[in-house]
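I have placed the structure first, in the form of structure tokens, so that the comments after it can refer back to it.
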Amino acid sequence: MIHAASWRRFYRGAYSDAFLDGDVESDRRAVWARRLAAGGGGSATIMAYVGAETAGFVHVVFDDDEQWGALVDNLHVVRDHQRRGIGASLIASAARAVLEHGAGVSMYLWVLEQNVAAQAFYTAQGGRSVERAMVDPPGGDPERLAGTPAKLRYVWPDLRDRFGS
């Protein structure tokens, strides 16, 4: 599962090893089962493929926050397909989906403070860091965290500026 593999690679040090090496996959499957069962037009999951192989995905929740707009809840690219423009394409697809289906023109996401490579990527995509907060434990279980990791909010205040109208 792409989501669990990405967490195991990039969330180590923020999430406990016991969680990442243990039930992270079942946790992510449960989250996705709930999302897919909910359906509706309040969100979109956009997949990226290289041939028949899944290369990544982005999940965006429209109109999530009154101030910041749509939430990019997940963006993950399979390790073998990173640095090929897939992440940039997924961010652009999420932005277009927000402009087409959301009520607003802005979007945001949270990134682990320790994930400086992702921060550089989001900055290159036009996002800017505006806030620091503590990470919420997965599933509300504080035992799943390693210490007190922080996260940064990255925002795109007006998607029309970078991704069209």
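Would a scan of region 16-38 turn up a residue that is part of a strand (DSSP E or B), in contact with a helix residue (DSSP H, G or I) (Cβ under 9 Å, 6 or more places away or on another chain) and either touching a residue at least 40 places away in the same chain (Cβ under 8 Å) or over 24 Å from V116 (Cα atoms) (or both)? Within region 16-38, none of the residues are part of a strand (DSSP E or B), in contact with a helix residue (DSSP H, G or I) (Cβ under 9 Å, 6 or more places away or on another chain) and either touching a residue at least 40 places away in the same chain (Cβ under 8 Å) or over 24 Å from V116 (Cα atoms) (or both). The numbered conditions (1) in a helix (DSSP H, G or I); (2) under 19 Å from P138 (Cα atoms); (3) of a type outside the set (A, V, I, L, M) are all true for N74 except (1). The residue list A88, A52 contains one member that is farther than 19 Å from P137 by Cα, surrounded by fewer than 16 Cβ atoms within 10 Å (Cβ to Cβ), under 13 Å from the mean Cα position of the chain (by Cα) and at pLDDT 85 or above, which is A88.
So for region 147-155 (the condition being more than 19 Å from A14 (Cα to Cα), of a type in the set (S, T, Y) and loosely packed, with under 15 Cβ neighbours inside 10 Å), does at least one residue qualify? Walk me through it before giving the result.
Taking region 147-155 first, the residues more than 19 Å from A14 (Cα to Cα) are 155.
Still in the list and also of a type in the set (S, T, Y): none.
The answer is no, given that none of the residues of region 147-155 is more than 19 Å from A14 (Cα to Cα), of a type in the set (S, T, Y) and loosely packed, with under 15 Cβ neighbours inside 10 Å.
Restricting attention to region 25-47, does a residue exist that is closer than 16 Å to E143 by Cβ and of a type outside the set (K, R)? Yes, region 25-47 contains at least one residue that is closer than 16 Å to E143 by Cβ and of a type outside the set (K, R).
The combined condition, being part of a helix (DSSP H, G or I), touching a residue at least 40 places away in the same chain (Cβ under 8 Å) and β-branched (V, I, T), is not fulfilled by V105. Scoring Q67 on the criteria (1) assigned to a loop (DSSP other than H, G, I, E, B); (2) surrounded by 12 or more Cβ atoms within 10 Å (Cβ to Cβ); (3) of a type outside the set (S, T, Y) leaves a single failure, condition (2). Each residue in region 114-140 was checked for being assigned to a loop (DSSP other than H, G, I, E, B), surrounded by fewer than 16 Cβ atoms within 10 Å (Cβ to Cβ) and touching a helix residue (DSSP H, G or I) at 6+ places or on another chain (Cβ under 8 Å), and 1 of them qualify.
For region 56-79, the set of residues classified as without any contact (Cβ under 8 Å) to a residue 12 or more places away in the chain and over 15 Å from Y154 (Cα atoms) consists of E66 only. Consider region 156-165 and keep the residues that are assigned to a helix (DSSP H, G or I) and modelled with pLDDT of 95 or more. The one that is surrounded by the most Cβ atoms within 10 Å (Cβ to Cβ) is L159.
Residues that are touching a residue at least 40 places away in the same chain (Cβ under 8 Å) and either under 18 Å from L71 (Cβ atoms) or in a helix (DSSP H, G or I) (or both) within region 141-150 comprise E143, R144, listed in sequence order.
Out of V77, V72, V60, one residue alone is over 22 Å from G42 (Cβ atoms), aliphatic (A, V, I, L, M) and in contact with a helix residue (DSSP H, G or I) (Cβ under 6 Å, 6 or more places away or on another chain). It is V77.
The values are calculated or read from the model by the stated rules, or taken from the named source; none is laboratory data. If you're wondering where the values come from, they're calculated on a predicted model, not measured in any experiment. So basically every Cβ, Gly included, is an ideal-geometry build from the backbone, and we count neighbours across all protein chains shown.
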